[in-house]
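Structure first, then comments.
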Amino acid sequence: MPFVRGDKLKTITTLDKENYRAIMVEEISIKLFELGPTRSARVRWALLEAGLTFESVQNGVDIFKSTELLNIHPLGKLPAVLINGQPLFESAAIVTAIADLVPDKKLIAEPSSWLRNLHNQWVCFTLSELEPFVQSTEINSMDFVLPAEQHVREIVPQNNMLYKKAAAALEKHFSRHDYLVDDQFSATDIVLAYTLCWGQEQKLLDDFPNINEYMDRLYNREHCTLKKP
């Protein structure tokens, strides 16, 4: 994973709505609770792309017992952040919030725009049509979440089938586009990439050349926090 760069940065956070010109500079404090293999990789990647410095809290698996984490996330899960002291959890929500902090970086479309609707569309697609199935397979294959006696291994073939069905829609999209929204890299790609990397790890995407080319573009980005399986 890339190195952490610090805990604070002065950056543009407010735009003149009439001419989209930055008019105020505010000091932003960001504290990220993270653990490398978790969805916190999405948040770290977004922070690095945004050029925002942050404080990292990562105490191995012991972080899940952290009282401070539980005060942010009711289930004590990762990632979680404090942005100027305000708590937020769920990786897609955090990535979106980070992108909005730096409009000059163009990591996300403006709120209420049609391109922003497309961001929401693809994020929802990722979290509903892809991610549940690779997560279910992992839960039923590893003892970290559930003990082996509670695993339902019979669900794995169905998970694989449904994941590949959704991946086929992405394969078609990437036959015509390099990225998800407006043919340019954005926060939307950060959210999807984590879930596709998960699929690659489970050997579900070997027959999807357009997706694999897309992922190679993302793996080659300077700040990508994902490792190609």
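The values are calculated or read from the model by the stated rules, or taken from the named source; none is laboratory data. Remember, it's a predicted structure, so these values are computed and weren't measured experimentally. Here the Cβ positions follow ideal geometry from the backbone for every residue, glycine too, while neighbour counts run over all protein chains shown.
Here are the numbers for the structure shown:
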read-out: Breaking point among (1) assigned by TED's automatic domain parsing to the domain that holds ARG42; (2) within 30 Å of ASP183 (Cα to Cα); (3) not acidic (Asp, Glu), for PRO132; value: (1)
read-out: Qualifying residue in segment 50-65 (condition: buried (at least 22 other Cβ atoms within 10 Å of the Cβ) and in a helix (DSSP H, G or I)); value: yes
read-out: Subset of segment 157-187 [out of contact with any helix residue (DSSP H, G or I) (no Cβ under 9 Å at 6 or more places or on another chain) and in contact (Cβ under 8 Å) with a residue 60 or more places away in the chain]; value: GLN184
read-out: Of the criteria (1) without any contact (Cβ under 8 Å) to a residue 24 or more places away in the chain; (2) surrounded by 14 or more Cβ atoms within 10 Å (Cβ to Cβ); (3) closer than 22 Å to ALA193 by Cβ, which one GLY76 fails; value: (3)
read-out: Residue that is nearest to SER91 (Cα to Cα) [pool: residues in segment 1-55 that are at pLDDT 50 or above and in contact with a Gly (Cβ under 8 Å, 6 or more places away or on another chain)]; value: LEU35
read-out: Every pair of residues 6+ apart whose Cβ atoms lie under 8 Å, when the first sits in segment 210-229 and is over 18 Å from VAL95 (Cα atoms) and in the same structural domain as ASP189 (by TED's automatic domain parsing) while the second is assigned to a loop (DSSP other than H, G, I, E, B) and small (Gly, Ala, Ser); value: ASN210/SER175
